[in-house]
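First the structure, in the form of structure tokens, and then the observations on it.
The values are calculated or read from the model by the stated rules, or taken from the named source; none is laboratory data. As the structure is a computational prediction, the values presented were derived from the model and not from experiment. Cβ: placed from backbone, ideal geometry, glycine included. Neighbour counts: every protein chain shown.
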Amino acid sequence: MLRRLIPLTAFFIILLVIFGLLFVNQTPNLQSCEGNVTYTLSPDANGSLGVLIVYMDPGISHERAEAVFDAAKKAGAKWVRIGLIWALAEPSPGEYNFTEFDWIINAALQRNLSVLPVVMFTPKWASGKPDAEDYYLYPPAKGEYLHDFAKALAIHYRWRITHWELWNEPDMRGFLKDLDGDGSTADEYAEMLAYFYSGIKSGDPNAKVVLGGLANSKVEPSCEKGYLRKLLSDPNFPAGRNFDVANIHTNFRSPEDIIQEIRETRAILHEFGLEKPLWITETSYTPVKRFQILPCYQGGEGFERYVHDALVVELNEGAEVVFWAALHDYGSDRPESDPYKHSGLYTYDLEPKKAVEVFRELSEELER
């Protein structure tokens, strides 16, 4: 199991490093801060807080997993977002191996942490390009493969998992590859979403499908622009009927830009007559000075304020669940040139940063 995981995990890490380097190369000259704005939680805000947990896969030790979930609980998180790798859970057609995923999910649930699994990475046997080195980034050759896997997941985890997310940032070309060569993955993802939705609902009609979190980057060249509108207008698999919860990522954006992103997303949904809940499954920033691109959020204190302000504006804008990315820092496998390496509320060794208290206090405020 672990040996099968290593190439997938290693490639995923390389992708994130590359994106980090691109991020650094595109960092604009820092402007001066034109006065800090005080953001306070609206009395009408009634969402929940979650955290992205990295390295939470079948290669993790049980002791480490329990310590990580304990840290999430202490931080005040209500949700945890973890990867569920299709290539590991169904290594051969119809051969399901949920043993380690069961243990991980049950460990979270025992701590009253709701789990949002992100289903991604196509098995070699199902891949549309099985001979490619990165076969797992390609859509399945047949949508039925994904339907059947989704149905098996929903049946197996009925009563335990209420929401399922399909893929991470499908609009980023490094996470989902273009199979038909038309320069876009929106048509492939729209088809995947249709089969996934049908499978989940067949296995558990009450389960909800969360759209894969869209990066929506306006500066990253590897991010496909206008993705949500393309999904919703797909002529063969119009996506509006195939997800229950809209989902975006707001990493390294200012509070003002986050508000704009949320409102633009809702406006696009309204264009297609859709009214759907909105989740934000990644919000991130860094305490590392050279990567702090927002002039009003500088140094350690700026990092702590960003954790507060970004989450507050998202909740005030009506996001139902918002996730900080990540619970803890990345490990030694990630270079210091990666802007996301130290974005955790905890260090990699689970030593709490001051931002943990900010997160916890906000979670407690939501419960009052």
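Only one of these is outside any strand (DSSP E or B), under 14 Å from Trp79 (Cβ atoms) and in contact (Cβ under 8 Å) with a residue 24 or more places away in the chain: Ala319, Ala310. Name it. On inspection, the qualifying residue turns out to be Ala319.
Against the test of being among the β-branched types (Val, Ile, Thr) and more than 19 Å from the chain's Cα centre (by Cα), the options Ile248, Ile268 yield a single qualifying residue, Ile268.
The set of residues in region 231-269 being out of contact with any helix residue (DSSP H, G or I) (no Cβ under 8 Å at 6 or more places or on another chain), assigned to a helix (DSSP H, G or I) and polar (S, T, N, Q) consists of Gln260 alone. Taking every residue in region 177-203 that is within 15 Å of Lys129 (Cβ to Cβ) and in a helix (DSSP H, G or I) and pairing it with any residue that is modelled with pLDDT of 95 or more and among the hydrophobic types (A, V, I, L, M, F, W, C), at least 6 positions away or on another chain, the pairs with Cβ-Cβ distances below 8 Å are Glu188/Leu176; Glu188/Leu179; Met192/Leu146; Met192/Leu166; Met192/Trp167. Taking region 191-211 as the range and being within 18 Å of the chain's Cα centre (by Cα) and closer than 21 Å to Gly226 by Cβ as the test, the residues that pass are Met192, Leu193, Val210, Leu211.
Per-residue answers, yes or no, for (1) more than 14 Å from His147 (Cβ to Cβ); (2) of a type in the set (Lys, Arg); (3) surrounded by fewer than 24 Cβ atoms within 10 Å (Cβ to Cβ):
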{"site": "Thr162", "(1), (2), (3)": "yes, no, yes"}
{"site": "Asp171", "(1), (2), (3)": "yes, no, no"}
{"site": "Gly183", "(1), (2), (3)": "yes, no, yes"}
{"site": "Tyr189", "(1), (2), (3)": "yes, no, no"}
{"site": "Leu193", "(1), (2), (3)": "no, no, no"}
{"site": "Phe196", "(1), (2), (3)": "no, no, no"}
{"site": "Ser202", "(1), (2), (3)": "no, no, yes"}
{"site": "Asn206", "(1), (2), (3)": "yes, no, yes"}
{"site": "Gly212", "(1), (2), (3)": "yes, no, no"}
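If the condition is being surrounded by fewer than 19 Cβ atoms within 10 Å (Cβ to Cβ) and in contact with a strand residue (DSSP E or B) (Cβ under 9 Å, 6 or more places away or on another chain), then region 143-160 contributes only Arg160. Scanning region 322-346 for residues that are hydroxyl-bearing (Ser, Thr, Tyr), under 20 Å from the mean Cα position of the chain (by Cα) and part of a loop (DSSP other than H, G, I, E, B) yields a total of 3. Tell me, which residue of region 131-142 that is over 20 Å from the mean Cα position of the chain (by Cα) and not in a loop (DSSP other than H, G, I, E, B) is surrounded by the fewest Cβ atoms within 10 Å (Cβ to Cβ)? Across region 131-142, the extreme among qualifying residues is Tyr135.
In region 243-281, the residue that is surrounded by the fewest Cβ atoms within 10 Å (Cβ to Cβ) out of those that are more than 21 Å from Trp324 (Cα to Cα) and aliphatic (A, V, I, L, M) is Ala267. Yes or no: Asn106 without any contact (Cβ under 8 Å) to a residue 60 or more places away in the chain and on the phi > 0 side of the Ramachandran plot? Taking the combined requirement at face value, the residue does not satisfy it. Figure legend. Inter-residue proximity from region 147-165: first residues modelled with pLDDT of 95 or more and in a loop (DSSP other than H, G, I, E, B), second residues among the charged types (D, E, K, R) and crowded, with 16+ Cβ neighbours inside 10 Å, beta-carbon distance below 7 Å, spacing 6+ or different chains. Indicated pairs: Arg158/Asp204; Thr162/Lys208.
For region 111-127, the tally of residues that are surrounded by fewer than 19 Cβ atoms within 10 Å (Cβ to Cβ) and touching a residue at least 40 places away in the same chain (Cβ under 8 Å) stands at 2.
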